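The values are calculated or read from the model by the stated rules, or taken from the named source; none is laboratory data. Being a predicted model, the structure only gives us computed values, none of them experimental. For neighbour counting, all protein chains shown are included, and Cβ atoms are generated from backbone atoms with ideal geometry for every residue, glycine included. Just the protein is used for accessible areas: all its heavy atoms, side chains included, with ligands, DNA and RNA removed. Shrake-Rupley method; radii C 1.70, N 1.55, O 1.52, S 1.80 Å.
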Amino acid sequence: MHNQPKFIPQRGTDFFADGRSARPQVEHTVARGQLREDQYFYTGLVDGKEQDALPFPATIQVLERGQERFNVYCTPCHSRVGNGDGMIVQRGYKPAGNFHDAKRLAQPLSHYFYVMSNGYGAMPDYSAQLPPADRWAVAAYIRALQLSQNGKQGDVAAGGKVENLSDIAEQEGLPASYAGPWELPGTAVSAKPTGATVESVPEENQNPPASKNRPPIHPEATAPATAAPTTGGTSTKPASH
Ligand code: HEC
């Protein structure tokens, strides 16, 4: 048992001519799970364009997974209701945009997948935290969130009643305005100290760092990444989970 013919990670071997026990992928081969044949599933684009479709059926399991992942990774900035006033924004991060405004309601579904995969302006990408199937699940959940605030009587089965969100908020002991657009509290600090320019923010404190290898930013996102540290030494850089 002690002397097994096995390779120990990171240790060399004299079995292969180059002395490496960890083998590089054999040229011109495709490993299982690497084919990435389904272009839309992996990129969210067809012929370079975002589409309004989920690449697999939107089951309740998909939506529940999306809700759980959204609550973990997106709510710090976008908030649980998706209005863009998450805690990090309240503490000074660039406002994250309201998923319920006309512009975002009109976005095709894969826009959300694309933004999670590639980042968007001040928002970092979440491709390392969320594998493609999870990114789609989150996108589907965002659609559910959007629908949840635009429910019509005709959407529910006969006899059902669409309840007013503000009434539900009150029943739950939340302010009636909970699901509406929030005002930033007076204690919220500004994302950019008065007088600060992008140039005056050290590169490593910019969001995301202005690295040359940064993934492509969404063509629509033109705003510069300007969120600056607001107190000495405290970086507003989003934690990489
Ligand atoms: C660290 C804060 C932060 C987190 C966490 C975050 N976002 Fe964002 N997001 C932003 C900001 C800020 C913007 C606006 C960027 C800009 O305009 O420069 C944004 C923009 C977006 C947009 C673009 C909306 C539009 O205008 O088209 C989408 C979609 C989006 N976020 C989805 C998500 C999803 C999904 C998650 C979770 C996986 C997430 N975000 C997590 C900060 C964040």
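Which value, in Å² and to the nearest 10, is the accessible area of ARG20 when all protein chains are kept and the probe is 1.4 Å?
The accessible area of ARG20 comes to roughly 130 Å².
Can you work out the accessible area per residue across the range 37-148, with the rest of the protein chains kept in place, probe 1.4 Å, in square angstrom? Each step should come with its number before you reach the end.
On the way: 5020 Å² over 112 residues.
Using a 1.4 Å probe on heavy atoms only, each residue of the range 37-148 averages 45 Å².
How much accessible area does PHE16 have with a 1.4 Å probe, in Å² rounded to the nearest 10?
Here the accessible area works out near 60 Å².
I'd like the distance separating the alpha-carbon centroids of the range 1-36 and the range 94-173, in whole Å.
44
Tell me, what is the percent relative contact order of the range 37-148, built from C-alpha pairs under 8 Å that lie six or more residues apart?
Values: 148 pairs, mean separation 37.2, N = 112.
The normalised contact order for the range 37-148 reaches 33 percent.
Please identify the GluC sites (Glu not before Pro) of the range 32-71 that satisfy two criteria: DSSP loop assignment and at most 14 other Cβ atoms within 10 Å. Which are they? Before the final figure, lay out the partial values.
On the way: sites: GLU37, GLU50, GLU64, GLU68; in loops: GLU37.
Passing sites in the range 32-71 are GLU37.
Just from the alpha-carbon atoms, what are the Rg and Dmax of the range 37-148 in angstroms?
Just the Cα atoms of the range 37-148 yield Rg and Dmax of 13.2, 42 Å.
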